[in-house]
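Trainee: Next up is a structure, given as structure tokens.
The values are calculated or read from the model by the stated rules, or taken from the named source; none is laboratory data. Keep in mind that what you see is a predicted model, and the values were worked out from it rather than measured. With ideal geometry, Cβ positions are generated from the backbone for all residues, glycine too; neighbour counts draw on all protein chains shown. For accessibility, only protein heavy atoms count, side chains too; no ligands or nucleic acids. Shrake-Rupley method; radii C 1.70, N 1.55, O 1.52, S 1.80 Å.
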Amino acid sequence: MAPSIGQCAVGAALAWLVAKDVLHHGRPFFAPIAVIICIGVGLGRRLRRMGEMVVGVSLGVGVSDLLVSWIGSGAWQITFVVALAMTAAVLLDNGQLIVAQSGSSGVLVATLLPPSGTGGLDRMADAAVGGVVGLAMVALLPVNPATLVARHAAGMFDALVDVLRRIADALDEGPDESADRGPTGRGSDDKGPADKGPADEALEAARATHASVEEFKQAVATSREIATISPLHRSRRSRLDGYERAAVPLDHAFRNLRVLARRVVAATGRPGVPPPWLPGALRELADAVPTLREDLARGRDPERARQAILAAARRQEAERGGVSAGVRVGQFP
């Protein structure tokens with residue numbers, strides 16, 4: 001987050017100077033605002049953000065300048081200006097940023113900055129200046145894309161190892177004979193947090209992985225964009241290829257793990273012993289994850305991890321017992 005804050009701070013000052021001293025605009029507040037919106041402090045597609053921001057400001061300023069010059073300023077005028085500006089933005093593109101910028105720009109012009117002369121065109125130019133400066137900050141003061149994606153991948157891989165081991169431990173412990181669970185995996189008795197068994201904890205951990213997977217996918221997209229924009233990091237594009245190829249399979253693996261964890265919870269207290277090899281195979285997968293993480297971080301073909309994962313997956317050929325056990329085998333990542 002610190003590099004993005006630095007980019008926003010430096011870029012906002014530069015955009016103000018360019019708009020004020022080069023374009024000679026009196027109050028170019030849209031320029032630094034555009035930089036902050038374009039860069040942001042989180043992950044995301046900055047090129048799209050910049051485009052939506054510039055178009056949104058232009059629509060809002062253009063529509064509001066035109067209307068306020070005819071109908072003046074006031075409460076009902078603000079209602080009309082905002083509604084028309086946001087409607088035009090929705091018809092053009094239903095992105096949240098473009099719609100929000102159209103409405104907020106319309107409010108600013110209708111309340112604080114009544115139109116005068118070429119004020120509308122100046123504000124549009126300020127937004128464009130801010131967008132360009134924002135992209136320049138990303139290109140010239142970039143976050144290392146390889147470091148960014150590796151940091152988010154580390155959290156995701158840690159979560160993957162944790163869930164695999166939790167499910168294996170729950171399978172080793174076996175069913176809780178005192179539990180009476182329905183098909184959803186929820187017991188008939190009210191249980192507090194202290195009464196949760198290993199299977200319930202594994203399911204909670206599996207469900208919590210969704211955020212880390214989404215953050216990883218966003219980090220991959222953002223890192224690719226940085227490597228494309230910045231000439232300083234174009235050499236790192238090849239290292240990002242492995243992460244891009246792994247993103248969808250890893251997403252599928254986490255989805256399967258969540259299904260597997262649900263089946264383990266649902267099987268608690270029911271007949272149908274899981275295959276005896278399944279816990280060990282899950283732990284083998286967990287042991288292979290650090291190898292995959294290292295290969296991707298170094299930009300290598302993950303052949304070692306692939307072989308370890310395939311060896312564990314071949315255990316599916318073992319005997320299957322019961323419907324629930326069969327489903328658990330089918331969800332083996």
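Trainee: Can you find, within segment 224-245, the residue that is modelled with the lowest pLDDT among those that are polar (S, T, N, Q) and either open to solvent by 30 Å² or more (accessible area, probe 1.4 Å) or assigned to a helix (DSSP H, G or I) (or both)? Can you show your working first?
Mentor: Within segment 224-245, the subset polar (S, T, N, Q) is 228, 230, 235, 238.
Then drop every residue that is not either open to solvent by 30 Å² or more (accessible area, probe 1.4 Å) or assigned to a helix (DSSP H, G or I) (or both), which leaves 228, 235, 238.
Values: 228: 76, 235: 67, 238: 72.
Per the criteria, the residue is 235.
Trainee: While we're on this one: Counting only residues that are open to solvent by less than 10 Å² (accessible area, probe 1.4 Å), part of a helix (DSSP H, G or I) and within 22 Å of residue 60 (Cα to Cα), how many does segment 1-29 have?
Mentor: 2
Trainee: Within the set of pairs 6 or more residues apart or between chains, which connect a residue that is touching a residue at least 40 places away in the same chain (Cβ under 8 Å) inside segment 200-215 to a residue that is open to solvent by 60 Å² or more (accessible area, probe 1.4 Å) and assigned to a helix (DSSP H, G or I) with Cβ atoms less than 7 Å apart?
Mentor: 202/166; 203/262; 205/162; 205/166
Trainee: Which of the residues that make up segment 286-299 are open to solvent by 60 Å² or more (accessible area, probe 1.4 Å) and either over 21 Å from residue 147 (Cβ atoms) or over 25 Å from the mean Cα position of the chain (by Cα) (or both)?
Mentor: Of segment 286-299, the ones open to solvent by 60 Å² or more (accessible area, probe 1.4 Å) are 287, 290, 293-294, 298.
Scanning segment 286-299 gives a single hit, 287.
Trainee: Can you run down the residue pairs with Cβ atoms below 8 Å, 6 or more apart or on separate chains, where the first is in segment 65-94 and within 15 Å of residue 108 (Cβ to Cβ) and the partner is at pLDDT 80 or above and open to solvent by 70 Å² or more (accessible area, probe 1.4 Å)?
Mentor: 67/80; 67/84
Trainee: What are the residue pairs meeting all of these: first residue in segment 281-302, first residue touching a residue at least 12 places away in the same chain (Cβ under 8 Å), second residue assigned to a helix (DSSP H, G or I) and among the β-branched types (Val, Ile, Thr), Cβ atoms under 6 Å, and 6 or more apart or on different chains?
Mentor: Every condition considered, the pairs that remain are 282/167; 286/161; 288/309; 289/161.
Trainee: Within segment 46-58, identify whether any single residue is in contact with a Lys or Arg (Cβ under 9 Å, 6 or more places away or on another chain), modelled with pLDDT under 80 and crowded, with 18+ Cβ neighbours inside 10 Å, and answer yes or no.
Mentor: Residues of segment 46-58 in contact with a Lys or Arg (Cβ under 9 Å, 6 or more places away or on another chain): 57-58.
After this cut, where a residue has to be modelled with pLDDT under 80 as well, the list is 57-58.
Add one more test, that the residue is crowded, with 18+ Cβ neighbours inside 10 Å, and what stays is 57-58.
Yes, there is a match, as at least one residue in segment 46-58 is in contact with a Lys or Arg (Cβ under 9 Å, 6 or more places away or on another chain), modelled with pLDDT under 80 and crowded, with 18+ Cβ neighbours inside 10 Å.
Trainee: Sticking with this structure for a sec: So which residues in segment 199-223 are touching a Pro at 6+ places or on another chain (Cβ under 9 Å) and surrounded by fewer than 17 Cβ atoms within 10 Å (Cβ to Cβ)?
Mentor: Once the filter is applied, which keeps residues that are touching a Pro at 6+ places or on another chain (Cβ under 9 Å) and surrounded by fewer than 17 Cβ atoms within 10 Å (Cβ to Cβ), segment 199-223 yields nothing.
Trainee: Hey, another quick one. Looking at the structure I just gave you, is residue 100 open to solvent by 30 Å² or more (accessible area, probe 1.4 Å), under 23 Å from residue 29 (Cα atoms) and within 31 Å of the chain's Cα centre (by Cα)?
Mentor: Against the criterion (open to solvent by 30 Å² or more (accessible area, probe 1.4 Å), under 23 Å from residue 29 (Cα atoms) and within 31 Å of the chain's Cα centre (by Cα)), residue 100 qualifies.
Trainee: Related question: Just to check your reading of the model, which residue among 248, 273, 259, 265 is open to solvent by 70 Å² or more (accessible area, probe 1.4 Å) and modelled with pLDDT of 75 or more?
Mentor: Working: 273 fails: modelled with pLDDT of 75 or more; 259 fails: open to solvent by 70 Å² or more (accessible area, probe 1.4 Å); 265 fails: open to solvent by 70 Å² or more (accessible area, probe 1.4 Å).
From the options 248, 273, 259, 265, the qualifying one is 248.
Trainee: Look at residue 107 and say whether it is at pLDDT 75 or above, more than 30 Å from residue 9 (Cβ to Cβ) and of a type in the set (Val, Ile, Thr).
Mentor: Details: at pLDDT 75 or above: yes; more than 30 Å from residue 9 (Cβ to Cβ): no; of a type in the set (Val, Ile, Thr): yes.
It is false that residue 107 is at pLDDT 75 or above, more than 30 Å from residue 9 (Cβ to Cβ) and of a type in the set (Val, Ile, Thr).
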